[in-house]
1. Fully extended, how many nm does the chain gain between His38 and Glu91 (0.36 nm per residue separation, minus their Cα-Cα distance)?
2. Listed highest first by mean packing, meaning other Cβ atoms within 10 Å per residue, what order do 16-24, 3-11, 99-107, 42-50 come in?
Amino acid sequence: MDIENIISIFSRLSGIDEESSVTLRFICENTQSYILSHIKPHIDICGCSGKLEFAAAALAYYRYILWSDTENGENITVGDISVKSSAERLEKAYKIYQQAVEDISDIFDNGCFVFEGV
C-alpha cells in the first residue's frame, strides 16, 4: 500500500486539495496501519493494494468527518450557498467506508464472530 495513493484518494473523497491534505497525512498513515493490521494471514497485499488503499482512504475520510464535526450539525443557508449538516456528511462517509470494507471482506478480518451450525 502506497501512502501517497491513500492521500490522493482521501483528497478526492474529502474535496480537500492534495497540498492541504498532506497536512492530514497522519490520519491516512493511521488508517493504513489499521487496515494492514486486519489483513488475513497469507494474503498478497501487493495484489490487492488498490482495494486496500481505497479502504484506508475511506476510513481516513470517515475519521476526518468525525474529527472536524461542526458545532451543532445543523444546515446553514446564506443566500444561494448551503452547507449540509455534519450528520449527513458523516452518514455519507460511513456508507463509503462500509462499501470499501465490503469490497475487501474476503481479505479483511474485522474481528467479528461468525456462529455456524454443526
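1. 16.7 nm
2. The densest-packed peptide leads the list: 3-11, 99-107, 16-24, 42-50.
Values in this text are rule-based calculations from the coordinates and carry no lab data. Small disclaimer: the values here were computed from a predicted structure and weren't measured. In this analysis, Cβ positions are derived from the backbone assuming ideal geometry, glycine residues included, and neighbour counts consider all displayed protein chains.
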